[in-house]
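Q: One structure, as C-alpha cells, below. Some questions next.
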Amino acid sequence: MDTTVYQSLSPAPSGGVPAVRARALTRRYGKGEGTVTALDAVDVDFAAGHFTAIMGPSGSGKSTLMHLLAGLDTASSGRAFIGDTDVTALTDDQLTALRRDRVGFVFQSFNLLPMFTAEQNILLPLTLAGVAVDADVTAWLETLVSTLSLGDRLSHRPAELSGGQQQRVAIARALIARPDVVFADEPTGNLDSRSGAEVLSFLRRSVRELGRTVIMVTHDPAAAAYADRVILIADGRIAGEIDSPTPESVLAGLDALRAFESTADARTTPVVG
Ligand SMILES: Nc1ncnc2c1ncn2[C@@H]1O[C@H](COP(=O)(O)OP(=O)(O)OP(=O)(O)O)[C@@H](O)[C@H]1O
C-alpha cells in the first residue's frame, strides 16, 4: 500500500502523454465576497490504460474537476488536456465534437432511451455521428457485449433490464466509439451492492482487457478499491493519492484527509507519507 496525503501533488510519472491532465486548473463561482473556489489550481495526470477513482468529501470539487476535464464546464483559469488537445481552448463546436468522438460518459442515472433496445442504445453514439456499422464496429460490439455479459439481452428494452444490466449497457454505449477516456460519475450510486460490484468489475475489465482509460468519481471506498489509483481531493485541491487501493487503504486515506482538513496548519504539513 502506498498512501500519501499532502497538499500539492506532483504529476504522476508515466510513459508518453497522459490520457488526461490538468494544469493549474481553477474554477470559481460567483463574484466578489461571495466567490466560491470550487477547484483551486489543480495539477494532476491520468495515465492512459488506467482506472482512476476521484474521492473526497461532499463539495470538495470532484464533479467540478470531472466536468472541466470532460469539456462540460468552462475553467476560470488553467488548462485541461485530453491527450494533446487543450480542452480549455476549444470552441463550442469543437467541444461538441470532442465529447462525441473522444469521450464516453457513464452517469448514476443510466440515461438509456426507453424505446430503443439495448443494442440500439449501445450503438447510439455511432448512429448520432453517422458512422456506419461495418465489420470493425460489429466485432467491437461483440467484444463489448461478451465482456459485459450482455449477449442475451441485446433485444431487450431498458424497462426489461435490471439496474445492473442497464448500467452495463450504458458502459458499452460509453465504449462503442473507442473514446480516449470514459468519465464515470457515481456509476454505482443507483445500484444494490451486488449489481454495483458487477458493474465495477466490468469497468475494471474494460481497462485491463480492452485497454481503455476510465476516470470515476465515487463516494464509496469499496468502489474506489476497484481502481488502479485513487486521487483524493479536498477543498478544491488535490490532497493525495493511493496506489493499488484496497477498501481499508481508501478508508485510511479518507480518515487522514479529515484529520488534514481539521488541522489549522494542514496546508503545509504532510499528514501521511
Ligand atoms: N453552479 C455553481 N454555483 C455555485 N457554486 C457551485 C456551483 N457548482 C458547484 N459549486 C460549489 O463548488 C464546490 C465544489 O462542488 P462540486 O459539485 O464539484 O463538489 P463534489 O465534490 O462533486 O460534491 P458532491 O460529492 O456533494 O457531489 C462546492 O462548494 C459547491 O457548492
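Q: Please determine, by comparing only the residues of region 206-236 that are among the basic types (Lys, Arg) and within 13 Å of the chain's Cα centre (by Cα), which one is nearest to the ligand (Cβ to nearest atom).
A: Only one residue tops the list, namely ARG229.
Q: Take PRO18 and tell me if it is away from the ligand (no atom under 16 Å from the Cβ), open to solvent by 30 Å² or more (accessible area, probe 1.4 Å), at pLDDT below 95 and within 29 Å of ARG205 (Cα to Cα).
A: no
Q: In region 45-82, how many are assigned to a loop (DSSP other than H, G, I, E, B), buried (at least 16 other Cβ atoms within 10 Å of the Cβ) and away from the ligand (no atom under 16 Å from the Cβ)?
A: The qualifying residues number 3.
Q: In region 71-97, which residues are modelled with pLDDT under 95 and under 14 Å from the mean Cα position of the chain (by Cα)?
A: Within region 71-97, GLY71, LEU72 meet the criteria.
Q: I've got another one for you. On the basis of being closer than 28 Å to GLY83 by Cβ and modelled with pLDDT of 90 or more, does THR147 make the cut?
A: Against the criterion (closer than 28 Å to GLY83 by Cβ and modelled with pLDDT of 90 or more), THR147 does not qualify.
Q: On to the next question. Looking at region 114-155 only, could you name the residues that are among the hydroxyl-bearing types (Ser, Thr, Tyr) and open to solvent by less than 30 Å² (accessible area, probe 1.4 Å)?
A: THR117, THR147
Q: Oh, and also: For region 171-198, how many residues meet the condition of being closer than 22 Å to ALA48 by Cβ and assigned to a helix (DSSP H, G or I)?
A: Summing the residues that are closer than 22 Å to ALA48 by Cβ and assigned to a helix (DSSP H, G or I) in region 171-198 gives 5.
Q: May I pose another question? Would you confirm whether or not region 220-241 contains a residue that is under 15 Å from PHE51 (Cβ atoms), open to solvent by 60 Å² or more (accessible area, probe 1.4 Å), modelled with pLDDT under 95 and among the acidic types (Asp, Glu)?
A: Yes: one or more hits.
Q: Next question, about the same structure. Can we say LEU254 is out of contact with any Cys (no Cβ under 9 Å at 6 or more places or on another chain), open to solvent by 10 Å² or more (accessible area, probe 1.4 Å), under 30 Å from TYR29 (Cα atoms) and not in a strand (DSSP E or B)?
A: Answer is yes for this residue.
Q: Restricting to region 31-44, name every residue that is near the ligand (Cβ under 6 Å from one of its atoms) and either open to solvent by 40 Å² or more (accessible area, probe 1.4 Å) or at pLDDT below 95 (or both).
A: VAL36
Q: Right, next: Identify the residue in region 98-113 that is buried (at least 18 other Cβ atoms within 10 Å of the Cβ) and closer than 12 Å to GLN167 by Cβ and, among all such residues, is farthest from the chain's Cα centre (by Cα).
A: By that ranking, first place goes to LEU112.
The values are calculated or read from the model by the stated rules, or taken from the named source; none is laboratory data. Quick caveat, the model's predicted, so the values are computed rather than measured. As a convention, Cβ positions derive from the backbone with ideal geometry for all residues, glycine included, and neighbour counts pool all protein chains shown. Accessible surface areas use protein heavy atoms only, side chains included; no ligands, DNA or RNA. Shrake-Rupley method; radii C 1.70, N 1.55, O 1.52, S 1.80 Å.
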